[in-house]
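J.: Below you'll find the structure I mean.
Readers should treat all values here as calculations from the given coordinates under stated rules, not as data from a laboratory. Computed from a predicted model, the values in this text were never measured in an experiment. Note that we place each Cβ from the backbone using ideal geometry, even for glycine, and neighbour counts take in every protein chain shown.
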Amino acid sequence: MTTKTSLNPGLEYNNETVLYTGSFITVNKEQPKANAVVVQSGKILFTGTKDQAETFLNTNNLSYRHDAQFEGKTIVPGFIEAHMHPLLAALFTGIFEYAGQYDRLGVGGKLLKGCSTEDTLKARLLELKKAHDDAGKTGEWLNLWGLDPLLMTDGSVVNRDFLDSVIDDSPVFLMHASCHLAGLNSLGLEKSGYSLDDDPELYFAKMVD
């Protein structure tokens, strides 16, 4: 079994006008299905039946090539994002500081640089610590989000010790990009009521009860 490291576009973008026929799911409630699509320069010019598409092409004096490679197949839009939480992303971007591993746009279109190595992430944390301290917030919570451990290119582990090595005088809460996990420094754990002396099984039992 072989695995491709990257995927190429399924269709080459050029100025040629192509009439594709097949079964197309449009995700358009006014026209949910079609059996013909006209494409040119990476743009869909027309969607409908084959007869309608040919009428469109002739009316607009467009020379074209008919491509039947999708006949007997079902085609769906390729720009579907299957697991995005735009409201959560907007919320965290607006009220938390970004500590993710890739560049993204923040509030007002501000570019938030990603930090994917130990050195760049520590530099980012030091920058945020300085702003936090300069605002007179030393000792108050510093809330961060965006960490994806798998995207740390140098294999660095971002845990309590990592956070302690940079910030030890303010509690730090670092939400993972998944929003299912978070990391805290020692002061953050202490303020949250956790102790390294706790029995995890006993503590969990108390939470369940």
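J.: For Arg160, Arg124, what ranking results if the residue with the fewest other Cβ atoms within 10 Å of its Cβ goes first?
T.: Listed from fewest to most nearby Cβ atoms, that is Arg160, Arg124.
J.: Follow-up question, since we're still on this one. Pop out the ³J(HN,Hα) list for region 148-153 in order, Karplus 6.51 cos²θ - 1.76 cosθ + 1.60 with θ = phi - 60°, rounded to Hz; leave Gly and Pro as x.
T.: 3J(HN,Hα) across region 148-153, in whole Hz: 10, x, 5, 9, 6, 5.
J.: In debye to the nearest 20, how big a dipole does region 86-208 give about its Cα centre with +1 on each Lys and Arg Cβ and -1 on each Asp and Glu Cβ?
T.: 580 debye
J.: Another question, if that's okay. Among the trypsin sites (Lys or Arg not before Pro) within region 39-87, which fall in a DSSP loop and have no more than 15 other Cβ atoms within 10 Å of their own Cβ?
T.: Answer in residue order: no site qualifies.
J.: Something else about it: Which residue fluctuates the most in the chain, going by a Gaussian network model with Cα springs under 10 Å, if the choices are Phe173, Phe96, Phe70?
T.: Phe70
J.: Quick check on the chain: helices-only [θ] at 222 nm, where DSSP H runs of length 4 and up contribute -39,500 (n - 2.57) each and the sum goes over total residues. Nearest 500, please.
T.: Values: 6 runs with 57 residues, N = 209.
Computed ellipticity for the chain at 222 nm equals -8000 deg cm²/dmol.
J.: Follow-up question, since we're still on this one. Could you please rank Met175, Met84, placing first whichever residue has the fewest other Cβ atoms within 10 Å of its Cβ?
T.: In increasing order of surrounding Cβ atoms, one gets Met84, Met175.
J.: Whose amide H sits under 5 Å from the amide H of Gly106, counting only residues 5 or more places off or on another chain, with H placed in the peptide plane?
T.: Close amide H contacts, sequence-distant or interchain: Leu111, Leu112.
J.: Can you run phi through the Karplus equation (6.51, -1.76, 1.60; θ = phi - 60°) for region 28-42 and list ³J(HN,Hα) in whole Hz, with x for Gly and Pro?
T.: The phi angles translate into 10, 4, 7, 8, x, 9, 8, 10, 8, 9, 9, 10, 8, 6, x Hz.
J.: For the chain, modelled as a Gaussian network with Cα springs under 10 Å, which listed residue fluctuates most, Tyr64, Tyr194, Tyr102?
T.: Tyr64
J.: Determine by what factor the alpha-carbon radius of gyration of the chain differs from 2.2 N^0.38 Å, reporting the quotient.
T.: Normalised Rg, Cα atoms only: 1.56.
J.: Give me, ordered by chain and number, the residues 5 or more places off Leu144 or on other chains with an amide H under 5 Å from its own placed amide H.
T.: For Leu144, the qualifying residues are Glu97, Phe173, Leu174, Met175.
J.: Roughly how big is the chain's charge dipole about its Cα centre, with Cβ charges of +1 (Lys, Arg) and -1 (Asp, Glu), in debye to the nearest 20?
T.: Magnitude of the dipole: close to 1040 debye.
J.: Separation between the Glu140 and Ile75 pseudo-spin-labels, each 7 Å from Cα along Cα→Cβ, expressed in nm?
T.: Calculated label separation equals 5.5 nm.
J.: Evaluate E = 1/(1 + (r/R0)^6) for His66 and Asn15, where r is the Cβ-Cβ distance and R0 equals 22 Å; express this FRET efficiency to the nearest 0.05. Kindly include the intermediate steps, with their values, before the conclusion.
T.: On the way: r = 17 Å, r/R0 = 0.77.
The computed FRET efficiency comes out at 0.85.
J.: Right, next: Please name which of Thr153, Ser170, Phe70 has its Cα lying farthest along the dipole of the chain towards the positive end, using unit charges on Cβ (Lys, Arg +1; Asp, Glu -1) and the Cα centre as origin.
T.: Phe70
J.: From the Cα trace of region 86-208, what convex hull volume per residue do you get, rounded to a whole Å³?
T.: Normalising the Cα hull of region 86-208 by residue number yields 123 Å³.
J.: For Thr17, list long-range residues whose amide hydrogen, built 1.01 Å from N in the peptide plane, is under 5 Å from its own amide hydrogen.
T.: Arg65
J.: Taking the chain as a Gaussian network, Cα atoms linked when under 10 Å apart, which of Phe162, Phe56, Phe92 shows the biggest mean-square fluctuation?
T.: Phe56
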